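To keep things clear, I will list the structure first and then write my remarks on it.
The values are calculated or read from the model by the stated rules, or taken from the named source; none is laboratory data. Everything quoted here is computed from the prediction, not taken from an experiment. All Cβ positions, even for glycine, are placed from backbone atoms using ideal geometry, and neighbour counts span all protein chains on display. Remember, those area values only see protein heavy atoms, side chains included, never the ligands or the DNA or RNA. Shrake-Rupley method; radii C 1.70, N 1.55, O 1.52, S 1.80 Å.
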Amino acid sequence: MFHQLTVLAIMLGQLTATAALPGPYLDQPPPGSEPRLFAPGIVSDGLPNRDMAITPDGKEIYWSSNLRNFEVSAILVSRLTNHGWSEPQVAPFSTDPAYAYYEPAISPDGMQFFFVASEAGSETNDIWVMDRVGSAWGQPRKLGPPINTPGKEYFPSITLDGTIYFTREGEAPGTEAIYRSRRTESGYQAPEKLPASVNCGKSQFNAFIDPKERYLIVPVWGRDDSLGSIDYYVVFRNEIDEWSEPVNLGPQINTPGAQEYTPYVSPDGKFFFFMSTRSPDSSSSPRSGYSRDNLARLHEEPENGLSDIYWIDAAFIEALRPEGF
């Protein structure tokens, strides 16, 4: 526990102040049709970062930082105040080193906050939820059955009518699939495994559902048309609940030498955020030769081979929609 607390302290100490940044999205210039690193030095800061979530009013931005193969993992937050964006900090519900916290998701109405947590040494990953209480979040609680099982559930994503999409691990490791559970007055219904057009590879996980259920973005491993080890695909849905064949998001998003596996679209629908382990080309290497100092500097900067968060104008997604969907 001492070592986990120490790592969390280091994570906090490396965060950069954001005071006097008044604009939306941490005051970052909006991206165009090319992916751009999101909030360098603030969100993308050299730590392994992924898993975006933004409140509908745009005034709270959450993401997760993961170390030691998720043995140490916390959800961070920055809030827009009258004095600009607050300095990022570990969210209050995410500070217990006995748990790893990641994959935040906020319901489209802003009234519920979902996340995943796993207890140290446990073989179970559960989805948790908190209700909005004034300007804060209430006490976290496990969703329980039929969503959570003794196995592993991941990456909640919520629609306008309260339906939850999530990942469930299969009987063998590395055989995750995407499930959906409709919500009624009596609670969540028995989850259904989505069809083969969604569960379209050897493994698929961490799917983001459009709040209106018009499309789903899913990272997939094990397809012949993949550009890398894990790629983002979009699967479109029509009004009678039919799903299109998966469409690879293409070389701007997916890269041969990197991994991409946490997607998110902003509440206003304008921007697609995604995690990638891509690195710049060799032109960024030290010109004067390697030294301990410049190796340490490269390690502490983003795009160091660990997971970073990128964003791009989301208009390209709709352009991929096939006829009939």
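How large is log10 I(q)/I(0) at q = 0.16, 0.20, 0.28 Å⁻¹ when the Debye formula is applied to the Cα atoms of the stretch 158-209, each weighted equally and without solvent?
-0.47, -0.68, -1.09
Report in % the part of the accessible area of the chain that belongs to carbon and sulfur, leaving out ligands and nucleic acids; probe 1.4 Å. Please list the in-between numbers first.
Working: 7890 of 14970 Å².
C and S atoms contribute 53 percent here.
Remind me, relative contact order of the chain in percent, using alpha carbon pairs under 8 angstrom and six or more residues apart?
With pairs under 8 Å counted, the relative contact order is 16 percent.
If you roll a 1.4 Å probe over the heavy atoms of the protein chains, what accessible area per residue do you get for the stretch 199-264, in Å²?
39 Å²
Would you please calculate the Kirkwood hydrodynamic radius of the chain over all C-alpha pairs and express it in Å, rounded to one decimal?
20.3 Å
With 29 Å as the limit, write out which pairs from LYS142/LYS270; LYS152/LYS212; LYS59/LYS202; LYS59/LYS193 have Cα-Cα distances beyond it, or answer none.
Result: LYS142/LYS270; LYS59/LYS202; LYS59/LYS193 exceed 29 Å.
Classify the stretch 36-155: rounded, prolate or oblate, from the alpha-carbon gyration tensor (a ≥ b ≥ c, eigenvalue square roots; a/c under 1.5 rounded; otherwise prolate if a/b is larger than b/c)?
Oblate, because a/c is 1.5 or more while a/b does not exceed b/c.
Any chance you could run the full-extension gain for GLN89 through GLU245? It's 0.36 nm times the residue separation minus the Cα-Cα distance, nm to one decimal.
Working it through step by step, the gained length comes to 52.1 nm.
Using DSSP to call loops (not H, G, I, E or B), can you name the trypsin sites (Lys or Arg not before Pro) in the stretch 20-93 whose Cβ has at most 13 other Cβ atoms within 10 angstrom?
For trypsin sites (Lys or Arg not before Pro) across the stretch 20-93 that sit outside H, G, I, E and B with at most 13 neighbouring Cβ atoms in 10 Å, the list reads ARG68.
I'd like the GluC sites (Glu not before Pro) in the stretch 101-163 restricted to DSSP loop residues with at most 14 other Cβ atoms within 10 Å, sorted by number.
GLU123
Roughly how big is the chain's charge dipole about its Cα centre, with Cβ charges of +1 (Lys, Arg) and -1 (Asp, Glu), in debye to the nearest 20?
It works out to roughly 380 debye.
What is the spin-label model distance, in nm, from THR81 to GLU318 if the labels are put 7 Å beyond Cα along the C-beta direction?
Simple spin-label model gives 3.7 nm for this pair.
Taking the Cα-to-Cβ direction at HIS299 and at ASP161 and moving 7 Å from each Cα, how far apart do the two end points lie in nm?
Here the answer is 5.2 nm between the modelled labels.
Cα extents of the stretch 208-288 along the three principal axes, largest first, in whole Å?
If we take the Cα atoms of the stretch 208-288, the spans are 61, 32, 14 Å.
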